[in-house]
Amino acid sequence: MKGAVLLLGLSWLFVGLGACGSENDVTEPSTEELSEAARRCVSGQTRCSGSNVQVCGTNGRWGALIACASGTCANGVCSVCAPGTSRCSGNAVQICGANGQWGGPVTCASGACINGVCSICVPGSSRCSGNAVQICGANGTFGSLVPCAASQVCTAGVCTN
């Protein structure tokens with residue numbers, strides 16, 4: 001049978017080429033033809049299938065499913081993190097990109113990262129505010145003012161005589 005198979009987006013058409021002067025007829029491809037086309041890919045191409053990734057082999061066919069350790073696959077790559085989340089890396093913050101991979105660390109000016117956020121202060125440190133001391137809490141923020149005694153002066157975060 002003379003004919004041509006055309007791939008138009010996601011639709012297939014089989015156009016029969018008859019003798020000169022006759023009209024072309026259009027038929028749907030068989031399930032087998034569609035299934036064969038779905039297995040074709042470009043060597044090295046990747047895709048997700050649920051929480052698995054597949055790589056296209058040199059033969060133009062999809063390889064075996066490879067489970068993502070993170071349980072998440074995005075854009076043909078196993079995700080390491082959930083996009084938009086953040087984490088601490090020492091005294092720096094890392095943000096998870098749209099590709100599911102951690103971005104480069106950004107050092108916290110305060111020198112402390114707590115729960116994926118740069119803190120205002122280093123927990124346990126203290127500072128003076130007027131003649132009162134403020135101690136940095138475990139959450140990375142300064143707590144309530146604790147006034148120094150009347151005979152004392154706040155110096156470098158400590159009440160002294």
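Things worth noting here:
- Hits in segment 103-154 (condition: hydrophobic (A, V, I, L, M, F, W, C), outside any loop (DSSP other than H, G, I, E, B) and under 16 Å from V93 (Cβ atoms)): V106, C113, I114, V117, C118
- Scanning segment 112-161 for residues that are of a type in the set (A, V, I, L, M) and on the phi > 0 side of the Ramachandran plot yields a single hit, A156.
- Just one of the listed residues (S144, S125, S151, S86) is surrounded by 14 or more Cβ atoms within 10 Å (Cβ to Cβ), more than 33 Å from the chain's Cα centre (by Cα) and not β-branched (V, I, T), namely S125.
- Conditions (1) in a loop (DSSP other than H, G, I, E, B); (2) modelled with pLDDT of 95 or more: number failed by V93: (1)
- Inclusion of V55 among residues that are surrounded by 12 or more Cβ atoms within 10 Å (Cβ to Cβ) and within 16 Å of the chain's Cα centre (by Cα) is not warranted.
The values are calculated or read from the model by the stated rules, or taken from the named source; none is laboratory data. Computed from a prediction, not measured in an experiment: that's the story for all the values here. Don't worry about glycine lacking a Cβ; one is built from the backbone with ideal geometry, like all the others, and counts go over all protein chains shown.
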